[in-house]
Every structure is written in structure tokens, then in C-alpha cells.
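Following: one structure in C-alpha cells, then a few remarks.
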Amino acid sequence: MNNYAFVASTLPLYVLNKNITKWGITKIILASNKLYSSYEFLIENHPNIDIVIVPKGRFRNGIYILWKILRLKLKNRDVFFFHECCWVFLDLMITFVKPKGQFFPQVTMSGNPKVMNEDIFKIRFSRILNILGFYRMFNVHNYLTNSGQDNSYCYSLRTYPKSIIGHNISSRNSSSQVTKSKKVLFIVGNDFQNEEILILLKEIINQLLINKYTCFIKDHPREEVRLNITNQFSQYSLEILDPNRPVELLLDDYLFVIGSSSTALLYFGNRAISLINLMSHIDIKTLKYQKKHLVSMPGGEQINFIEQKNEIFNILNQAEIDK
């Protein structure tokens, strides 16, 4: 059917992998070249998919997106998109060209508090957009850092045209709900760069290895938010996975998966353990919104949010009994 998918993060990988053929998608258009190393794994299951990156430079980028949206409109094809924020020009083109399409949000914006200040949009975008009043079309949200600073922003369109069918956030459940393995996967990112939490992580890994568990560790797909695993765990016998490979495309035979605030935890349901309540180095306001971000999505209520390290071993021991 030659429909196009526009993606701005790795979050849609799961739903795309399941539905590329069903939705008639032949081309995936990436907002950044940083996404390609993750999306190329889709080719293993969908060898005919065409994955392209939007050109660099504001002018070339804008012309390219406008042409692709117009092409879909003229050929009566569908646009599929998944971003909740951060692709302002694409949102504007969809709003004014009004192609047919479907919007599949991947997360809520509950983890990013809304800012009631239109001047932020006016300051950060071109004068032309502001003169035409486009800032009224968007909500402004804070990006909260681990230190609690809130001087970074993202922008979400308030309403898409009637030609776009909006969907609720769908659950992302692994088909492997029960496993008899003794494999434990750690999902990490830059929230583990603090020395105190890194020591805690090593203590957990060491205890698991002593108890004959096999440990795997995977860094974040986005380079800018990675822990950047080098030799931090060289004293332990654990397998380091390719950070670019999406967790949804891993062979899932893990007994449990341990992380902090990664949305990847949602994929593993009640086999997911979050250390978010142990992240004492992260600003309390940021932690509040990180946890709210997870529990606001389907499957978030199944995650085990532990308060003490020993709870991990209680959960694992119970799982061993229930096998």
C-alpha cells in the first residue's frame, strides 16, 4: 500500500515490528541518523522495508517532510506516526496538509510537567511561526534532569486534524510470560552514573552471580543517555548486549529484568523490577515524574517498585518456587 511511518524515537519499534505488513508500510522515515542503528534491526524480520533519514539542515529537512506529506496526500496514502512531542515541523505539515493517517502514541506526557508560558515557544522558534500564532497550537512541557533542573523543553501538538485517526496507547507485552531460566537482564542508562548507585548495582550483580544466576546488561539505545559501559563491570562474568538492539527484538528468556525508569520495563510486565525508589542521587521531583511516567502506561502497574535491595532476592526466590 506504500504507506509511510515517521518516527522520532526508538519507542515505536515494538508496534512497527508487529504491524508493518498489516499497515502496508513500505518506508520508515527517521527524524535523526542516531536512530538508524536501532531501526536497521527491523530488516531482519522485514527485509523489504526502506529506512531513510531526513536530510540535515532546517531548510532541506522542511522541504523533504513537506514533499513526503504532500505525496501521501496526493496518492491517497496513509501517514503513520508515533511521537507525542518534539517534531514541530512534521506536526505543522500534518495539520495544514491534512493527509489521511493514524497516530499511535507510545507514552503519555505525564512525566513531563506542562509549562503555562507561551513565551518559551516564542523564544525558541522562528519569528515567522510566532507571528502566525502557531505557538497557540502547542503545549510546552519540561524535560526534568536528574538534578531537577527544568530549563529544557518539549512541545506537543494540542489537536491533530480530523483526517488523522488517534489511538490509545497499546500495551507492549512480551509473549514470553513464564520462563524457567536463571537469566537476569539489567537495563541501564545515565541514571546509573552516580557512584553510589553503581556500587549498589554491582552488589546486586555479585549476589546474583554467587547464586548461580546468569547476568546480562544492556545500555540505552540513545548515546546521549547511556551509562557508557566500558570496564565498570570487568570483574564480573556477565554478558554485555548491543545497546542498539531494541529489547523487544531480544530473545526473551529472562527470569527477571532490572532497571530504573526505562519504558523498556513495561515490555516485561510483572517480571520487571524498578530501582527508581533507590535512586537517592536523583532530584525527588524528577523521581516523582519518572515513576508517574511508567505507571501511567499500560502494564506500568505490574512493575515491581522495590524499596530495599533485598526485595530483589525475595522476588527471585518466590519465582524459583513458582516455577
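The values are calculated or read from the model by the stated rules, or taken from the named source; none is laboratory data. Quantities reported herein were computed from a predicted structural model and do not represent experimental measurements. Counting neighbours? That spans all protein chains shown, and the Cβs are built from the backbone with ideal geometry, glycine included.
Of a type in the set (Phe, Trp, Tyr) and surrounded by 20 or more Cβ atoms within 10 Å (Cβ to Cβ): is that true of residue 64 in this structure?
Numbers: of a type in the set (Phe, Trp, Tyr): yes; surrounded by 20 or more Cβ atoms within 10 Å (Cβ to Cβ): no.
No, not satisfied.
Name the single residue that is nearest to the chain's Cα centre (by Cα) among those in segment 273-323 being among the aromatic types (Phe, Trp, Tyr) and within 24 Å of residue 193 (Cβ to Cβ).
289
Condition check ((1) closer than 19 Å to residue 184 by Cβ; (2) of a type in the set (Asp, Glu); (3) free of Cβ contacts under 8 Å to residues at least 12 places away in the same chain) across all residues:
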site: 283; (1), (2), (3): no, yes, no
site: 286; (1), (2), (3): no, no, no
site: 301; (1), (2), (3): no, yes, yes
site: 304; (1), (2), (3): yes, no, no
site: 310; (1), (2), (3): yes, no, yes
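Among the small types (Gly, Ala, Ser) and either modelled with pLDDT of 90 or more or surrounded by fewer than 16 Cβ atoms within 10 Å (Cβ to Cβ) (or both) - does that describe any residue in segment 304-323?
no
Could you say whether any residue in segment 201-211 is surrounded by 14 or more Cβ atoms within 10 Å (Cβ to Cβ), outside any helix (DSSP H, G or I) and of a type outside the set (A, V, I, L, M, F, W, C)?
So far as segment 201-211 goes, no, none of its residues is surrounded by 14 or more Cβ atoms within 10 Å (Cβ to Cβ), outside any helix (DSSP H, G or I) and of a type outside the set (A, V, I, L, M, F, W, C).
Assess whether residue 92 counts as being of a type in the set (A, V, I, L, M) and free of Cβ contacts under 8 Å to residues at least 60 places away in the same chain.
Working: of a type in the set (A, V, I, L, M): yes; free of Cβ contacts under 8 Å to residues at least 60 places away in the same chain: yes.
In short, yes.
Across segment 220-259, what is the number of residues that are assigned to a loop (DSSP other than H, G, I, E, B), closer than 23 Å to residue 305 by Cα, over 13 Å from the mean Cα position of the chain (by Cα) and touching a residue at least 40 places away in the same chain (Cβ under 8 Å)?
Final tally of qualifying residues: 4.
Please count how many residues of segment 300-323 are within 16 Å of residue 258 (Cβ to Cβ) and outside any helix (DSSP H, G or I).
7
Is it fair to say residue 193 is among the polar types (S, T, N, Q), more than 28 Å from residue 40 (Cβ to Cβ) and out of contact with any Asp or Glu (no Cβ under 7 Å at 6 or more places or on another chain)?
On the way: among the polar types (S, T, N, Q): yes; more than 28 Å from residue 40 (Cβ to Cβ): no; out of contact with any Asp or Glu (no Cβ under 7 Å at 6 or more places or on another chain): yes.
For residue 193, the condition - among the polar types (S, T, N, Q), more than 28 Å from residue 40 (Cβ to Cβ) and out of contact with any Asp or Glu (no Cβ under 7 Å at 6 or more places or on another chain) - is not met.
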